[in-house]
Amino acid sequence: MVVVSFVNMKGGVGKTTLAVNIADFLTKRNSKRVLLIDVDPQFNATQCLLKGKEYVTYLENSGTTIVDIFNYTKAASVSVVEGTSEKESKAYNNIIPYNTGRGFDLIPSQLDLFRFEMAPGQGTENRLKNYLNHIKEQDEYDICIIDCPPTPSVWMTSALIASDYYLIPSKPDPISMTGLDLLEGIIKERKENYGCGCKCAGLVLTVVEKNTNVYKEAVSYFSESPKWKSFLYEPAVLKRTNIAKGQLNGTFIIDIEDSDLRRQFSLITQEFLKRVEG
Ligand SMILES: Nc1ncnc2c1ncn2[C@@H]1O[C@H](COP(=O)(O)OP(=O)(O)OP(=O)(O)O)[C@@H](O)[C@H]1O
Ligand SMILES: [Mg+2]
């Protein structure tokens, strides 16, 4: 199983949209066994796959979420009745991914994740990697995609530590582009401090309008940059309001009647596979 984090510290650049739809394409077009992990407390990837009511019921029935992974030690909990007590966390065998019904599985996120951010120094950063090592032993998945939050948080660090690769989605505008050097700096620092060895699986331009100058300038900048030219994907995620409109109603790019959009996306998925599976 190869593990790939989708990262960018710039918010709203299409990380989640790319992560969810690549998982979907890999499953449907490439027969890959895919696990998607949402480590963003905003839980947008989760919202794309679990509708409001379904999600509430899922949580009420103690369905697995990313919190179970980060809570993989005895966590102190305070009960009004019993006072402070130790709450047993779920064993790895009981942390079972959710079947999305689209052929791939999901470890959903939840807002509660924020609470763990405040408990540093307990090896939190390594828990996702440890859990994925357990999952690897089961040999149920070919590819694991991790959707990261847009912050250099413990969640992003955990994802990088657990990953073989990271993929950078970026809008082609100048502000987003200047953020990439900052992102590279953060990744370099995480590599030095945590010894993670994840490699770049490329740079995908998102929310793209092909005939605009801003896109053409971005392509020429990246393809001439000694640092980025080998990472830039030629196909891009086209800007389409239908993607945004349908996102919370279970609409995926593969379902949208738009051959240009689907063709580009299919090419992105091919290139992604080539880069992460060789
Ligand atoms: N190709 C596209 N065309 C049109 N709208 C898009 C496209 N990709 C994403 N969007 C919209 O842009 C917004 C941000 O996308 P998305 O949530 O995927 O970004 P993100 O980088 O994951 O954001 P965050 O940093 O908050 O996690 C969403 O409303 C989404 O529907
Ligand atoms: Mg997101």
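Of all residue pairs spaced 6 or more apart or on separate chains, those with beta-carbon atoms under 6 Å, a first member in the stretch 240-256 that is closer than 16 Å to residue 207 by Cβ and a second member that is assigned to a loop (DSSP other than H, G, I, E, B) are 242/256. Looking only at residues of the stretch 30-54 that are within 16 Å of ligand 2 (Cβ to nearest atom) and either without any contact (Cβ under 8 Å) to a residue 40 or more places away in the chain or assigned to a helix (DSSP H, G or I) (or both), we find that the one that is nearest to residue 108 (Cα to Cα) is 46. Might you check whether a residue that is buried (at least 19 other Cβ atoms within 10 Å of the Cβ), among the aromatic types (Phe, Trp, Tyr), under 11 Å from residue 7 (Cβ atoms) and modelled with pLDDT under 95 occurs anywhere in the stretch 163-171? No: zero hits. Residue 232 meets all of the listed conditions (1) within 16 Å of ligand 1 (Cβ to nearest atom); (2) of a type in the set (A, V, I, L, M); (3) in contact with a Phe, Trp or Tyr (Cβ under 7 Å, 6 or more places away or on another chain); (4) over 28 Å from residue 128 (Cβ atoms) but one, namely (1).
Screening the stretch 127-153 for residues that are within 16 Å of ligand 1 (Cβ to nearest atom) and not in a loop (DSSP other than H, G, I, E, B) and picking the one that is surrounded by the most Cβ atoms within 10 Å (Cβ to Cβ) gives 146.
Of the helices (runs of 4 or more DSSP H) entirely within the stretch 174-276, those holding at least 2 residues that are under 18 Å from the mean Cα position of the chain (by Cα) and among the hydrophobic types (A, V, I, L, M, F, W, C) occupy 174-194, 241-246.
The values are calculated or read from the model by the stated rules, or taken from the named source; none is laboratory data. As the structure is a computational prediction, the values presented were derived from the model and not from experiment. Neighbour counts run over all protein chains shown; Cβ positions are idealised from the backbone, glycine included.
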